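Read the structure below first, then the notes.
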Amino acid sequence: MSEMLYAGDLVLTSEMMEGLKDKFCKWKEAFESKGLKVNLGKTKVVVSGAEGEVSVSKIDPCGICGK
């Protein structure tokens, strides 16, 4: 797992979806505790398959928490 911060963006990576969900929830709670809002409409999940195939989640609005 790793985390990369950009000017207004955050990239979270994980080997397993459950780990990604946990990390996302912790970051979201931390942001909200400081008065910041996570835009779930812009939240994306990218899954990399075993053969290097990459697909983007179409779950709307949030590919991680389903909200």
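Values in this text are rule-based calculations from the coordinates and carry no lab data. This structure is a prediction, so every number in the text was calculated from the model and none was measured. Cβ placement follows ideal geometry from the backbone for every residue including glycine, while neighbour counts extend to all protein chains displayed.
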* **Computed label-point distance, nm, for sites K34 and S2 using a 7 Å Cα→Cβ extension** => 2.2
* Asked: Which peptide among 23-30, 36-43 comes first, and what is the full order, when sorted by highest mean count of other Cβ atoms within 10 Å?
  -> 23-30, 36-43
